[in-house]
Amino acid sequence: MKKIVTTIIVFLSVITLSKAQKIYEVKYESQADVKVFMVEYESQADLNVFYVSYSSQAGTNDGKWYQVEYESQADVKVFFIKYESQADVKVYKIAYESQAGWRNPSKSHFFR
């Protein structure tokens, strides 16, 4: 029984860590996992994003992003697109952490 509980805890930890939103901005569109467009108004966004100060604060697919310095540290590589029509996800940068989250949950699979 103890072995099963330990296995479940490890499994859930791996799942949680794999969804962490440590992002890296790539230089070329072809390198990206997700193409992102920054919208001007919150109502246009699929995702409200709050940039956290420390990697330990990065969310679990909830809009709390930590921008890493090196590609190897990232869970998701993003490329910021110039045109809205080319984007996989439209994001709006918010001022308060409590406002972070999905406005259009159907697009959340891009960050899993």
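Looking at Ser72, Ser85, Ser53, Ser108 in this structure, which one is polar (S, T, N, Q) and assigned to a loop (DSSP other than H, G, I, E, B)? Let's see the steps before the verdict.
Values: Ser72 fails: assigned to a loop (DSSP other than H, G, I, E, B); Ser85 fails: assigned to a loop (DSSP other than H, G, I, E, B); Ser108 fails: assigned to a loop (DSSP other than H, G, I, E, B).
Going through Ser72, Ser85, Ser53, Ser108 in turn, the sole match is Ser53.
Please tell me if Val78 is among the β-branched types (Val, Ile, Thr), more than 16 Å from Val26 (Cα to Cα), outside any loop (DSSP other than H, G, I, E, B) and touching a strand residue (DSSP E or B) at 6+ places or on another chain (Cβ under 6 Å). Talk me through it step by step, then tell me what you get.
Values: among the β-branched types (Val, Ile, Thr): yes; more than 16 Å from Val26 (Cα to Cα): no; outside any loop (DSSP other than H, G, I, E, B): yes; touching a strand residue (DSSP E or B) at 6+ places or on another chain (Cβ under 6 Å): yes.
Judged against the criteria, Val78 is not a match.
When the range 52-66 is examined, which residues are found to be surrounded by fewer than 16 Cβ atoms within 10 Å (Cβ to Cβ) and either in contact (Cβ under 8 Å) with a residue 40 or more places away in the chain or under 15 Å from Val91 (Cα atoms) (or both)?
Of all residues in the range 52-66, those surrounded by fewer than 16 Cβ atoms within 10 Å (Cβ to Cβ) come to 53-57, 60.
Matches in the range 52-66: Thr60 only.
Residue under question is Lys19, and the condition is that it be modelled with pLDDT under 95, touching a strand residue (DSSP E or B) at 6+ places or on another chain (Cβ under 6 Å) and closer than 21 Å to Pro105 by Cβ; does it hold? I'd like the intermediate steps shown before the answer.
Numbers: modelled with pLDDT under 95: yes; touching a strand residue (DSSP E or B) at 6+ places or on another chain (Cβ under 6 Å): yes; closer than 21 Å to Pro105 by Cβ: yes.
Yes, satisfied.
Considering each residue of the range 67-110, count those that are out of contact with any Lys or Arg (no Cβ under 6 Å at 6 or more places or on another chain), more than 14 Å from Gln21 (Cβ to Cβ) and among the aromatic types (Phe, Trp, Tyr), and give that number.
Count: 5.
The values are calculated or read from the model by the stated rules, or taken from the named source; none is laboratory data. Please read these numbers as outputs of a predicted model, since none were measured by experiment. Note that each Cβ is placed from the backbone with ideal geometry, even for glycine, and that neighbours are counted across all protein chains shown.
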